[in-house]
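Below: one structure, written as structure tokens.
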Amino acid sequence: MREITHFIDGVSVAGTSGRHGEVFNPNTGEVQARVALASPAELDAAVQAALRAQPAWAAVNPQRRARVMFEFKRLVEARMQELAELLSSEHGKVVADSKGDIQRGLEVIEFACGIPHALKGEYTEGAGPGIDVYSMRQPLGVAAGITPFNFPGMIPMWMFGIAIAVGNTFILKPSEKDPTLPVRLAELFMEAGAALGMDLKGVLNVVHGDKVSVDAILTHPDIAAVSFVGSSDIASYVYSTGTAHGKRVQAMGGAKNHGIILPDADLDQAVKDIIGAAYGSAGERCMALPVVVPVGAKTAQAVREKVLAEMETLKVGISSDPSAQYGPVVTAAHRQRVADYIQMGVDEGAELVADGRGFSLQGYEQGFFIGPTLFDQVKPTMRTYQEEIFGPVLQIVRAETFEEAVELPSRHQYGNGAAIFTRNGRAAREFAASVNVGMVGINVPIPVPVAYHTFGGWKRSAFGDANQHGMEGVKFYTKVKTVTARWPEGASEDSAFVIPTMR
């Protein structure tokens, strides 16, 4: 059976802990590989490699670091099909979706290609008599990223692209459910350096693992910053543990994004958008749109009918089927979790309009498939509304007024994103200004910002003060040093015993 190893100091390193995780083929249900789960000592070996490499890497001028990013981008693009198929084989999302996963990560790498400009500091000439003041951004040292299974290409690149470009070295702990692509990205990063005549050993390391590895990262004294994406409960744990050990931490959690549909919306387009946002990638996205909120009974009935009609056209298939809209979920355990939530919705009294639990694909009966599921008459008091299902389940929560619709995402425990579908510019403007979430879409169902803006939610969707990528990412992975300089012009002056001022 294939063994997935760590990648430390520029080479593949076999695990020594004796512990392994199983990596499945979600299409067939078969175990296709074993991944080594690191011990604290193995994590420390990666940190030591990163520590050795960091001073020399930070001393490389920003232009040359940017050239590595350019070459890395070129190598990934040249192998896009191969990498997307690799991602799909372990995650289960269709290949076209996997290409999108990788491409959104590459957009952050493109931002990192412009890092010399982003690292420019501030300068004030003549702040006082013969005194200049300037600031500079410097790397933190060794940073780490803990990434989820649902975006094994995009989220690692969101993290390590900026962290490395500004002069840090990096430890990546990817999900043990689909760990091969992150290792391949690290190998391509090494190739990028070699193509430019640079030895990048230790700059990007990949260590696999479970909670043992996570805790080793959070408590290691030589890791300065940790970025995390995952569930809210774990995000809270990562934030509290990491900060208690003196680290910078950004921890992105779960979501329950809402799509509000006003009566004046283009219902045909809105429903098509919502179908893709709710069921794409089998709903395994933190920016999926699993709750639709039609305003008014007439709108609700029309939305329900159009959603059902669109659902009939959906094709669920294996990840390599180019005609499939979505594939299986990642593991049998996750499929059972989603099925349990569907049953919970029935028990809570919601109307189960379409039940995907009985879906089976001929020839792939052991695959981890769930058909598209639809609930209507869902109430805000229900657990299935309050919690993140993370599967191909769409819930209709009806609202009588615009104000009632806005209150739903605003009062929810999660605050990643929300979308509104309308032709009314004033209503859209009011919604964007007042809704209590971090990212807003106006006739855009998945409002993930472009790479030079930042990604981040509110409330229990994010812990910490810095968002992912964009200039927020640059700020997170750097520290500011401010210099006040004076060059004497003549004889020395008397000692000064009062605080200096700029008179």
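The values are calculated or read from the model by the stated rules, or taken from the named source; none is laboratory data. None of these values were measured; they are calculated from a predicted model. In this analysis, Cβ positions are derived from the backbone assuming ideal geometry, glycine residues included, and neighbour counts consider all displayed protein chains. Accessible surface is based on the protein model in full, side chains and every heavy atom, while ligands, DNA and RNA are left aside. Shrake-Rupley method; radii C 1.70, N 1.55, O 1.52, S 1.80 Å.
Each residue of segment 304-316 was assigned a 3J(HN,Hα) from its phi angle through the Karplus curve 6.51 cos²θ - 1.76 cosθ + 1.60 (θ = phi - 60°); the sequence is 4, 5, 5, 4, 4, 5, 5, 4, 5, 8, 5, 10, 9 Hz, with glycine and proline shown as x. Residue separation of Glu387 and Glu430 scaled by 0.36 nm, minus their Cα-Cα distance, works out to 12.8 nm of gained length. Using C-alpha pairs under 8 Å with a sequence gap of at least 6, the mean separation divided by the residue count of segment 1-70 gives a relative contact order of 29 percent.
What does DSSP give for the chain in terms of the percent of beta bridges that are antiparallel, rounded to the nearest 5? Spell out each step's value before the answer.
Values: 30 of 69 bridges.
Bridges in the chain that DSSP calls antiparallel: roughly 45 percent.
In this structure the chain gives 41 Å² per residue of accessible area when probed at 1.4 Å with all protein chains present. Computed from Cα positions, the angle between helix 95-112 and the longest principal axis of the chain comes to roughly 20 degrees.
In a fully extended conformation the segment linking Ala78 and Gln32 would gain 14.0 nm over its present Cα-Cα distance, using 0.36 nm per residue.
For segment 1-136, the relative contact order is 18 percent, taking Cα pairs closer than 8 Å that sit 6 or more residues apart in sequence and dividing their mean separation by the residue count.
Per-residue Karplus couplings for segment 460-465, computed as 6.51 cos²θ - 1.76 cosθ + 1.60 with θ equal to phi - 60°, are listed in order as 7, 8, 7, 10, x, 9 Hz, Gly and Pro entered as x.
Note on Phe70 and Gln362: the model spin-label points, each 7 Å out from Cα along the C-beta direction, lie 5.3 nm apart. In the chain, the DSSP-assigned H stretches of four residues or longer account for a calculated mean residue ellipticity at 222 nm of -12000 deg cm²/dmol, using -39500 (n - 2.57) per stretch and the full residue count as denominator. Calculated on C-alpha atoms, the gyration radius of segment 227-358 divided by its Kirkwood radius gives an Rg/Rh of 1.04. Over the chain, Cα pairs under 8 Å with separation of 6+ residues give a relative contact order of 18 percent.
Which links in Lys73/Lys481; Lys247/Lys475; Lys93/Lys475; Lys120/Lys459; Lys256/Lys298; Lys298/Lys379 stretch past 21 Å when you go from one Cα to the other? Could the numbers behind the result be given before it?
Numbers: Lys73/Lys481 31 Å; Lys247/Lys475 14 Å; Lys93/Lys475 33 Å; Lys120/Lys459 32 Å; Lys256/Lys298 25 Å; Lys298/Lys379 18 Å.
Check vs 21 Å cut-off fails for Lys73/Lys481; Lys93/Lys475; Lys120/Lys459; Lys256/Lys298.
What the phi angles of segment 202-216 give under the Karplus curve with 6.51, -1.76 and 1.60, with θ = phi - 60°, is a coupling list of x, 6, 10, 10, 10, 10, 8, x, 10, 4, 4, 5, 4, 5, 5 Hz, glycine and proline written as x.
Using every pair of separate Cα atoms, the Kirkwood estimate puts the hydrodynamic radius of segment 339-457 at 16.2 angstrom. Spin-label model, Ser410 to Met1: label points 7 Å out along the Cα-to-beta-carbon direction sit 5.2 nm apart.
Per the 1.4 Å probe, what fraction of the accessible area of segment 282-323, in percent, lies on carbon and sulfur atoms?
Working: 900 of 1630 Å².
Reported share for carbon and sulfur atoms: 55 percent.
Modelled spin-label separation between Glu122 and Gln336, with each label point placed 7 Å from Cα along the Cα-to-Cβ direction: 5.5 nm. Give me the log10 of I(q) over I(0) for the chain at q = 0.10, 0.13 Å⁻¹, as the Debye formula computes it from C-alpha points; what are the numbers? Log10 of I(q)/I(0), two decimals: -0.79, -1.22.
Heavy-atom surface analysis with a 1.4 Å probe gives segment 195-245 a carbon and sulfur content of 57 percent of its accessible area.
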